[in-house]
Amino acid sequence: MNSNKINYADITISAVSPSQYPKEGLPEIVLAGRSNVGKSSFINTMVNRKNLARTSGQPGKTRTLNFFNIENELFFVDVPGYGYAKASNAEQEKWGRMMEDYFSSREELILGILLVDFRHEPSEHDILMYDFYKHFNVPVYVIATKSDKIKKSKHNKHESIIKKALDIDPEDKFFTFSSFTREGRGNVWDALSAHLLKDEKA
């Protein structure tokens, strides 16, 4: 996939149950992270769009699994942001069931992306999400957003803190990313393309 020239990217469906999942059979990459980590900005930067994924002033607004078709080659699946204080317990349980339905049954799922804020130590929710991926044997890319907010001289320190808190599997990849400077975009696309190729051959 030529990441510098993405001609097609569109939201296919916002699903709440397996019967609504896309039927194309394309590989799917899940994007998870807390409500204000910059998931929408990450998607928009990755596909060179300004507002494919809507950035909201209201954290926790995503209530569905949003399937974004990229070049008819793969889906980014944006799942509800977690750690949003105003979400009721009932809402959170509903999201949890929706996620479990997807993760336990979806053969197209080939990779999980966990977005964390590079400036902060991973939250309890971040750690739970990483463990959730591992529970379902999903390979993970940990992507630390807002890297432009941290001095380069401190990048190694922050990376170490995040990896230690998550107890990251040595096989899982770590990237720094900035939607402001676009740092990391090329590296992430290179890794995704290689992963897609490996999955095709498997």
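A few remarks follow.
- Residues whose amide H falls under 5 Å from that of Ala144, counting only those 5 or more places apart or on a different chain, are Val116, Phe175, Thr176, Phe177, with hydrogens built in the peptide plane.
- Relative contact order, whole percent, for segment 9-201 stands at 22, derived from Cα pairs under 8 Å and 6 or more residues apart.
- Separation of alpha-carbon centers, segment 2-21 and segment 84-156, rounded to whole Å: 19 Å
- Using θ = phi - 60° and Karplus 6.51 cos²θ - 1.76 cosθ + 1.60, couplings along segment 66-80 (whole Hz; Gly, Pro as x): 9, 9, 9, 7, 10, 6, 6, 10, 7, 10, 8, 10, 8, 9, x
- The string of couplings for segment 138-146 from the Karplus curve (6.51, -1.76, 1.60, θ = phi - 60°) is 9, x, 10, 9, 8, 10, 8, 7, 6 Hz, one whole number per residue in order, with x for Gly and Pro.
- A crude spin-label estimate for the pair Asn7 and Arg63, with each label 7 Å from Cα along the Cβ direction, gives 3.8 nm.
- Phi-derived couplings, Karplus 6.51 cos²θ - 1.76 cosθ + 1.60 at θ = phi - 60°, listed residue by residue for segment 5-15: 9, 8, 8, 10, 8, 8, 7, 8, 7, 9, 9 Hz, with x used for Gly and Pro.
- Residues with amide H under 5 Å from that of Ala53, placed H, sequence gap 5 or more: Asn44
- Zone of Glu183's modelled label, taken as backbone nitrogen in segment 143-168 under 18 Å from a point 7 Å along Cα→Cβ: 143-163
- Extension gain from Leu128 to Ile161, taking 0.36 nm per residue of separation minus the Cα-Cα distance: 10.2 nm
- Entries in Lys5/Lys94; Lys5/Lys173; Lys50/Lys164; Lys23/Lys94; Lys23/Lys50; Lys50/Lys149 that, when Cα-Cα distance is taken, lie over 30 Å: Lys5/Lys94; Lys50/Lys164
- Where a label projected 7 Å from the Cα of Phe136 along Cα→Cβ would reach, residues of segment 93-126 with amide N under 13 Å: 95-114
- The GNM of the chain, with springs linking C-alpha atoms under 10 angstrom apart, assigns the highest mean-square fluctuation among Ile168, Ile113, Ile29 to Ile168.
Throughout, read-outs are computed from the coordinates displayed, never taken from laboratory work. This one's a predicted model, so the numbers in the text were calculated from it and none came from an experiment. Glycine also receives a Cβ, built like all others from the backbone with ideal geometry; neighbour counts cover every protein chain displayed.
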